[in-house]
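A.B. asks: Okay, handing you the structure first.
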Amino acid sequence: MRRFLSGDEAFAEGVRLAAPEVISAYPITPQTVVVEKLSEMVEDGSLDAEYIHVESEHSALSCAIGASAAGVRTFTATSSQGLLYMAEGLVYASGGRFPIVMMNADRSTALPWNIYGDQRDSLALLDTGWIQAYAENAQEALDMALMAYRIAEDSRVSTPFMVNLDGFILTHTYETVDIPDEEQARAFLPPYETENRFDFDSPKNIGFSAGPETNYIFKYKEHAAFERAVGVIEESERSFAGIFGRKYSGLIDTYLTDDADYIIVTLGTIAGLCRDVADKLRSQGIKAGVIRLRYVRPFPGKEIAAAVGSAKAIAVLEKDISFGNAGTVYTNVAAALQWAGVTAPVYNFIGGLGGKDISSDDVRRIYDDTAKGTDRVTFIGIEGDAQ
Amino acid sequence: MRPYLRDKKTFTFEEIPEDTCFEAGYLVTENSGWRSVTPKIDAQACIGCSQCYLYCPDGVITIQDKKAVIDYDFCKGCGICSKICPKNAIEMERAI
Amino acid sequence: MRADQLDKNEYFYGHKACAGCGGSLAVRAALKVLGERSIAVLPAGCMSAVGFNFPQLCFGNNAIISMFAGTASMLTGVEAGMRRRGYKDFHAVGLAGDGGTADIGIQALSGAIDRGDDILYICYDNEAYMNTGIQKSGLTPYGARTTTTPAGRNIRGNIRPKKNMFEIVAAHDIPYAATATVGYINDFIDKVEKASKIRGTKFIHVIAPCPTGWGIPVSDTIEVAREMADCGLWYLAEYENGKFTLDRDPGEFKSAEAHLRRQGRFKHLTDEDIDLIIKSRDEKWEKIRREWK
């Protein structure tokens, strides 16, 4: 069924199809539409779930962890300050290997207060042990909701999954979206089975402490699950294509990279504009390409290096800054390229903070600067040496 | 079920769980080494009233055949049982 | 409930709590009432620290450590999840300390009561953050010396009264709330049993002395706990169907001064300090006796 939906609404449809049994969430702009839609679905019976009105984001995730430890599928959603307020729970959920799925509406973080989209919230929490995916459009958001459960709950992975949607640009923008039917969804996503749960016949102590003798082994195993997740993601996408007929390209999505001299590596909705500008540059004889990161954890280091090939220079465009260094995506990309032996220069462009528009001229300038060579880190819109 | 002592062993890499979920009540160490004094029950004086059983913070006292019996593997020697006993049937001894 | 009616099993056993720990007795007794169909949620704190160190796992029933602020919110999730799995005859029980309840966990507790979640929340109150080394909590009583309310020349210990958790909880119109003490364990056991049969949110606040933090001999936990109720510095009461009931009126109080002076944490108090404590006790009891029939 095709419907005209916003990113938030499309994601809610994906969650409905995944049929979580416990939903605990606290409202925050621009996530609210998701939880409102889910509440309506619970009310009208189209989703048979417990919707728990928690008193904070911390409680939202705490409740989801409790329900996951009881052995049921769970969902929560948040954004920005809410995600930061959940931070303690993020490491808790991942360390306990609870495959909770969360939608995060990527939004700027205070201060100054700002409700618009950038990716500083989720990227600041990249190291919390969650799989992190970034959707580009409403269809992908819906599809990722379903895939997130399948990947997170796979016993080879057993890791929580955060799907990020650019605040407003994706969460509140309407597109035509294909909504799969429930039967297809059931064929793709098996019921959640786990032994990581309470059991009255064979009682369990869960969420324990582990001292220095064993702690590192738990952490190693958590890391190893991310390595296995790469294969599980591929497998899930193959199965997804077979059932729903839509193909996804794994950890990254490439555009005209095969022979590209200059490549922008980016994530989220801005990729579309980058592709548009790349097309125009191509028509002028400049070999431009785009890599969109669909996943930032597990990090597609090998995939990026392979797609970069023998490009002359690379730009990383992100809506994020790790103060005192560079963008978080940039440091990840640069390290991966260095390891792969790529010697082309890699430049970082920081844009879109607090919802600032990134224009096609901005993107064109990124390509120009990348071709000419520029500073390691450039804040789009800050001219010269602002210091 | 009452948690109980298992064989001492070193956990191999494979035996350490992926998650933080493990068999409940799995004990590998005793608490007997904590004691500096040890409760001794005078079976003659004990009337099996259960006061020591009820108030023991470690749950190491059971009433068997109407007499209090102590699991010395896990008794820490706090002496609450001795104080609570209405018949003064529990003596705290220096010997461990 | 008589001793022989209690579950013979032990569900909190082999733990590394200090000798004479009142908190561990509260946890042990509660789980003996609730039995094997209970799922215990314990926040970071003494009881989780002493009972949950892989591979030494001291709970015989299903149990989990929650985030410090998350006892009640995790209980909500556990209850909802188990219910979704089709279970009806089980107890989701929280066992949190005073700091975990009255300070960092009060928001989640308030939320759970507000939702009416079918959970039992037990606060074992040892009147300070004992696990981290005896720091002041919202339930530390007036005058007590802790490591963050030192008794010096300028300030003599904690200058704030104990937060009134029982009435704060009751103000939510909770189906059942009670106060108890490990000093009168049968009363506590009866209240846990009563709570276990009521649907909706239940709260029990049980005093559980910490010999280490209170500065008393390890053998005196029960005696001191009892004395605290007998001298009127604690009270045994219930809130049910919108009404407060006083369960036990000690009549003429035992000496509060003797009770305070035997504890290391109150050793520094002057006669005036003790008079102040007694005055505030008497005011409280005047209200209790007048209003909680």
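A.B. asks: Checking A:Ile286 against (1) within 17 Å of A:Gly309 (Cβ to Cβ); (2) buried (at least 22 other Cβ atoms within 10 Å of the Cβ), which single condition isn't satisfied?
C.D. replies: Here A:Ile286 clears every test but (2).
A.B. asks: Test of understanding: among A:Ser202, A:Ser209, which residue is within 24 Å of A:Ser94 (Cα to Cα), out of contact with any Asp or Glu (no Cβ under 8 Å at 6 or more places or on another chain) and modelled with pLDDT of 95 or more? Write out each step before concluding.
C.D. replies: Working: A:Ser202 fails: out of contact with any Asp or Glu (no Cβ under 8 Å at 6 or more places or on another chain).
Result: A:Ser209 is the single residue among A:Ser202, A:Ser209 that is within 24 Å of A:Ser94 (Cα to Cα), out of contact with any Asp or Glu (no Cβ under 8 Å at 6 or more places or on another chain) and modelled with pLDDT of 95 or more.
A.B. asks: Continuing with the same structure: Among (1) part of a loop (DSSP other than H, G, I, E, B); (2) of a type in the set (Gly, Ala, Ser); (3) more than 22 Å from A:Ser359 (Cα to Cα), which single condition is A:Ser236 missing?
C.D. replies: Result: A:Ser236 fails condition (1) only.
A.B. asks: For the range A:289-310, give me each residue that is farther than 21 Å from A:Ile350 by Cβ, among the small types (Gly, Ala, Ser) and crowded, with 19+ Cβ neighbours inside 10 Å.
C.D. replies: A:Ala307
A.B. asks: Those residues that are more than 8 Å from chain A (Cβ to nearest Cβ), in a strand (DSSP E or B) and within 17 Å of the chain's Cα centre (by Cα), I need them from the range C:32-58; list them, please.
C.D. replies: C:Ala40, C:Leu42, C:Pro43 - these are the residues of the range C:32-58 that are more than 8 Å from chain A (Cβ to nearest Cβ), in a strand (DSSP E or B) and within 17 Å of the chain's Cα centre (by Cα).
A.B. asks: Let me ask you something else. Give the number of residues within the range A:304-320 that are assigned to a helix (DSSP H, G or I) and over 12 Å from A:Val265 (Cα atoms).
C.D. replies: 1
A.B. asks: Okay, moving on. Considering each residue of the range A:61-92, count those that are buried (at least 24 other Cβ atoms within 10 Å of the Cβ), more than 8 Å from every other protein chain (Cβ to nearest Cβ), out of contact with any Asp or Glu (no Cβ under 8 Å at 6 or more places or on another chain) and aliphatic (A, V, I, L, M), and give that number.
C.D. replies: The number of residues fulfilling the criteria is 2.
A.B. asks: Can you tell me which condition C:Gln5 does not meet? The list is (1) within 9 Å of another protein chain (Cβ to nearest Cβ); (2) free of Cβ contacts under 8 Å to residues at least 24 places away in the same chain, and all the others hold.
C.D. replies: (1)
A.B. asks: Would you please name the residue that is surrounded by the most Cβ atoms within 10 Å (Cβ to Cβ), looking only at residues in the range A:175-199 that are in contact with a strand residue (DSSP E or B) (Cβ under 9 Å, 6 or more places away or on another chain) and outside any loop (DSSP other than H, G, I, E, B)?
C.D. replies: That would be A:Val177.
A.B. asks: Could you tell me which of the residues A:Ser46, A:Ser39, A:Ser24, A:Ser56 is among the polar types (S, T, N, Q) and either buried (at least 21 other Cβ atoms within 10 Å of the Cβ) or not assigned by TED's automatic domain parsing to the domain that holds A:Tyr149 (or both)?
C.D. replies: A:Ser24
A.B. asks: What residue, among those in the range B:47-95 that are acidic (Asp, Glu) and closer than 20 Å to B:Arg35 by Cα, is surrounded by the fewest Cβ atoms within 10 Å (Cβ to Cβ)? It would help to see each step written out before you state the result.
C.D. replies: Just the residues of the range B:47-95 that are acidic (Asp, Glu), to begin with: B:58, B:65, B:71, B:73, B:91, B:93.
Now restrict to residues that are closer than 20 Å to B:Arg35 by Cα: B:58, B:71, B:73, B:91, B:93.
On the way: B:Asp58: 28, B:Asp71: 19, B:Asp73: 14, B:Glu91: 14, B:Glu93: 12.
Only one residue tops the list, namely B:Glu93.
A.B. asks: So which of B:Ile96, B:Ile90 is in contact with a helix residue (DSSP H, G or I) (Cβ under 9 Å, 6 or more places away or on another chain) and modelled with pLDDT of 95 or more? Outline the logic, then answer.
C.D. replies: Working: B:Ile96 fails: modelled with pLDDT of 95 or more.
None of the others qualify; the one that does is B:Ile90.
A.B. asks: Among the numbered criteria (1) away from chain B (no Cβ under 14 Å); (2) outside any loop (DSSP other than H, G, I, E, B), which one does A:His172 miss?
C.D. replies: If we test A:His172 against (1) away from chain B (no Cβ under 14 Å); (2) outside any loop (DSSP other than H, G, I, E, B), just (2) comes out false.
A.B. asks: Given the structure, is C:Ala29 away from chain A (no Cβ under 12 Å), closer than 21 Å to A:Ile65 by Cα and in contact with a Phe, Trp or Tyr (Cβ under 9 Å, 6 or more places away or on another chain)? If you could, list the steps in order and put the result at the bottom.
C.D. replies: On the way: away from chain A (no Cβ under 12 Å): yes; closer than 21 Å to A:Ile65 by Cα: no; in contact with a Phe, Trp or Tyr (Cβ under 9 Å, 6 or more places away or on another chain): yes.
In short, no.
A.B. asks: Another question, then. Counting just the residues of the range A:200-228 that are of a type outside the set (Ser, Thr, Tyr), in a loop (DSSP other than H, G, I, E, B) and within 9 Å of chain B (Cβ to nearest Cβ), which one comes out farthest from C:Ile64 (Cα to Cα)?
C.D. replies: Of the range A:200-228, the ones of a type outside the set (Ser, Thr, Tyr) are A:200-201, A:203-208, A:210-213, A:215, A:217-219, A:221-228.
So of that shortlist, the ones also in a loop (DSSP other than H, G, I, E, B) come out as A:200-201, A:203, A:207-208, A:210-213.
Okay, now just the ones that are also within 9 Å of chain B (Cβ to nearest Cβ), so A:203, A:207-208, A:210, A:213.
Details: A:Pro203: 11, A:Gly207: 5, A:Phe208: 7, A:Ala210: 14, A:Glu213: 21 Å.
Looking at the filtered set, the residue picked out is A:Glu213.
A.B. asks: Residues that are touching a Lys or Arg at 6+ places or on another chain (Cβ under 9 Å) and more than 29 Å from C:Glu257 (Cα to Cα), at least 3 per element: which helices (runs of 4 or more DSSP H) completely within the range C:157-245 meet that? It would help to see each step written out before you state the result.
C.D. replies: Details: elements: C:165-170, C:185-196, C:211-214, C:221-230.
Helices (runs of 4 or more DSSP H) meeting the threshold: C:185-196.
A.B. asks: Something else: Mind listing whichever residues of the range A:347-377 are assigned to a loop (DSSP other than H, G, I, E, B) and at negative phi? Write out each step before concluding.
C.D. replies: Within the range A:347-377, the first condition is being assigned to a loop (DSSP other than H, G, I, E, B), and the residues that meet it are A:351-352, A:356-359, A:373-376.
Passing the criteria: A:Gly351, A:Lys356, A:Asp357, A:Ile358, A:Ser359, A:Thr374, A:Asp375, A:Arg376.
A.B. asks: State which residue is farthest from C:Arg160 (Cα to Cα) when the search covers only the range C:121-137 and only residues that are hydroxyl-bearing (Ser, Thr, Tyr) and assigned to a strand (DSSP E or B). Show your work before the answer.
C.D. replies: So in the range C:121-137, the residues hydroxyl-bearing (Ser, Thr, Tyr) come out as C:121, C:124, C:129, C:132, C:137.
Right, trim to assigned to a strand (DSSP E or B) and you get C:121, C:124, C:129.
Numbers: C:Tyr121: 25, C:Tyr124: 20, C:Tyr129: 16 Å.
My answer is C:Tyr121.
A.B. asks: For the range C:119-133, indicate whether the set of residues that are within 8 Å of chain A (Cβ to nearest Cβ), in contact with a Ser or Thr (Cβ under 9 Å, 6 or more places away or on another chain) and modelled with pLDDT of 95 or more is non-empty. Don't jump to the end; show me each part of the working.
C.D. replies: Kept after step one, since they are within 8 Å of chain A (Cβ to nearest Cβ), are these residues of the range C:119-133: none.
Scanning the range C:119-133, I find no residue that is within 8 Å of chain A (Cβ to nearest Cβ), in contact with a Ser or Thr (Cβ under 9 Å, 6 or more places away or on another chain) and modelled with pLDDT of 95 or more, so the answer is no.
A.B. asks: I'd like the full set of residues that are buried (at least 21 other Cβ atoms within 10 Å of the Cβ) and either assigned to a loop (DSSP other than H, G, I, E, B) or touching a Gly at 6+ places or on another chain (Cβ under 7 Å) (or both), limited to the range A:327-346.
C.D. replies: A:Gly327
A.B. asks: Could you tell me whether the range C:144-155 includes any residue that is at pLDDT 95 or above and either within 14 Å of another protein chain (Cβ to nearest Cβ) or within 20 Å of C:Thr71 (Cβ to Cβ) (or both)?
C.D. replies: First, pick out the residues of the range C:144-155 that are at pLDDT 95 or above: C:144-151.
Filter again for either within 14 Å of another protein chain (Cβ to nearest Cβ) or within 20 Å of C:Thr71 (Cβ to Cβ) (or both), leaving none.
Scanning the range C:144-155, I find no residue that is at pLDDT 95 or above and either within 14 Å of another protein chain (Cβ to nearest Cβ) or within 20 Å of C:Thr71 (Cβ to Cβ) (or both), so the answer is no.
A.B. asks: Which numbered condition trips up C:Arg160, out of (1) touching a residue at least 24 places away in the same chain (Cβ under 8 Å); (2) more than 10 Å from chain A (Cβ to nearest Cβ); (3) of a type outside the set (Asp, Glu)?
C.D. replies: Among (1) touching a residue at least 24 places away in the same chain (Cβ under 8 Å); (2) more than 10 Å from chain A (Cβ to nearest Cβ); (3) of a type outside the set (Asp, Glu), the lone unmet condition for C:Arg160 is (1).
The values are calculated or read from the model by the stated rules, or taken from the named source; none is laboratory data. The shown structure was predicted, so the numbers you read here are calculated from the model rather than taken from an experiment. Note: ideal-geometry Cβ built from the backbone for every residue, glycine included; neighbour counts use all protein chains shown.
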